[in-house]
Amino acid sequence: MSKLIYSAIASLDGYVADEHGNFGWAAPDEELHAFVNDLERPIGTYLYGRRMYETMVVWETLDDEQPVMRDFAELWRAAEKIVYSRSLESASSARTRVERDFDVGSVRQLKEAAEADVSIGGAELAGQAIEAGLVDECHLIVVPVLVAGGKRAFPEGVRVDLELLDERRFVGGAVYLRYNLPG
C-alpha cells in the first residue's frame, strides 16, 4: 500500500498563505528546492483542490533554465493528477482528471492500488483527508516568517498526535519536519 503524504510550506505561525492570499514568502531557495524535488520523486499521484491545481499547473508548461526548476517540472508532468472541484470544467494539463467530490473510499482504494506514494496538496483538501484518517505522513517545511493570519496549514478542531520521523535545517533558516500520523 502506498502512503498518502501531505506536504506544505508554512510560516512559523502556521499559515500557507497570508490574509491576502500571498505566499511569495514561501518560495524556496535553490538548496531547499532541490530537497523538495527529492521528496517529490516517489510521488506517483497528486490530489489537489481547484485553487492548488490552478497554482501548480504552471509546471505543465514551465521552461526554466534553472536545473532545480526544470527537475520539478519534469517530476510534476510525469505524475498523475486528480483535481477535486465542482466548478472546474476540465483540466488544462496532461495526466489529469477532475472529480466533483472528495470521496474517502475512493482515496483509500487509490492508496491500496497505487504503486507509488500519493501526495495531497492544499490545506483545505488535506484537512478533509486528515479528519478522515487518510494521511500517513506530513512533510512540513517551516520558513522563518510570521504572517499573522491567512490560510492555516492544518484544520481547526482536529487533534492528532504526531510522531517525528525526520528533521533538517537549511542555511536560509527553513526547517523540514517529517511526521507520521498514526492511524
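The values are calculated or read from the model by the stated rules, or taken from the named source; none is laboratory data. Keep in mind the model is a prediction, meaning the values are calculated, not measured. Cβ atoms come from the backbone with ideal geometry, glycine included; neighbour counts cover every protein chain shown. Accessible surface areas use protein heavy atoms only, side chains included; no ligands, DNA or RNA. Shrake-Rupley method; radii C 1.70, N 1.55, O 1.52, S 1.80 Å.
Could you identify the single residue in 58, 36, 16, 68 that is over 16 Å from residue 119 (Cα atoms), in contact (Cβ under 8 Å) with a residue 60 or more places away in the chain and either β-branched (Val, Ile, Thr) or part of a strand (DSSP E or B) (or both)?
16
Of all positions in segment 92-103, at least one carries a residue that is more than 19 Å from residue 42 (Cα to Cα), touching a Ser or Thr at 6+ places or on another chain (Cβ under 9 Å) and acidic (Asp, Glu). On the stretch given as segment 19-33, residues that are in contact with a Gly (Cβ under 8 Å, 6 or more places away or on another chain), in a helix (DSSP H, G or I) and open to solvent by 60 Å² or more (accessible area, probe 1.4 Å) total 1.
Within this structure, residue 72 fails the test of being over 14 Å from the mean Cα position of the chain (by Cα), closer than 23 Å to residue 138 by Cβ and of a type in the set (Phe, Trp, Tyr).
Condition check ((1) within 30 Å of residue 61 (Cβ to Cβ); (2) surrounded by 12 or more Cβ atoms within 10 Å (Cβ to Cβ); (3) free of Cβ contacts under 8 Å to residues at least 60 places away in the same chain) across all residues:
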{"site": "91", "(1), (2), (3)": "yes, yes, yes"}
{"site": "98", "(1), (2), (3)": "yes, yes, yes"}
{"site": "119", "(1), (2), (3)": "yes, yes, no"}
{"site": "167", "(1), (2), (3)": "no, no, yes"}
{"site": "170", "(1), (2), (3)": "yes, yes, no"}
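Pick out the one residue from 146, 134 that is in a loop (DSSP other than H, G, I, E, B) and either buried (at least 20 other Cβ atoms within 10 Å of the Cβ) or within 13 Å of the chain's Cα centre (by Cα) (or both).
Result of the check over 146, 134: 134.
Residues of segment 44-66 include at least one that is under 17 Å from the mean Cα position of the chain (by Cα), open to solvent by less than 40 Å² (accessible area, probe 1.4 Å) and more than 27 Å from residue 150 (Cβ to Cβ). For segment 34-55, the tally of residues that are over 13 Å from residue 80 (Cβ atoms) and of a type in the set (A, V, I, L, M) stands at 4. Taking the numbered list (1) outside any loop (DSSP other than H, G, I, E, B); (2) open to solvent by 20 Å² or more (accessible area, probe 1.4 Å) in turn, residue 183 passes all entries but (1).
Starting from segment 41-55, keep only residues that are in a strand (DSSP E or B), then list their pairs with residues that are open to solvent by 70 Å² or more (accessible area, probe 1.4 Å) whose Cβ atoms are within a distance under 6 Å, requiring at least 6 positions of separation or different chains. That search, which allows pairs on different chains as well, returns 45/80; 49/124.
Checking segment 112-120 against the condition returns a match, with at least one residue being under 29 Å from residue 171 (Cβ atoms), under 17 Å from the mean Cα position of the chain (by Cα) and polar (S, T, N, Q).
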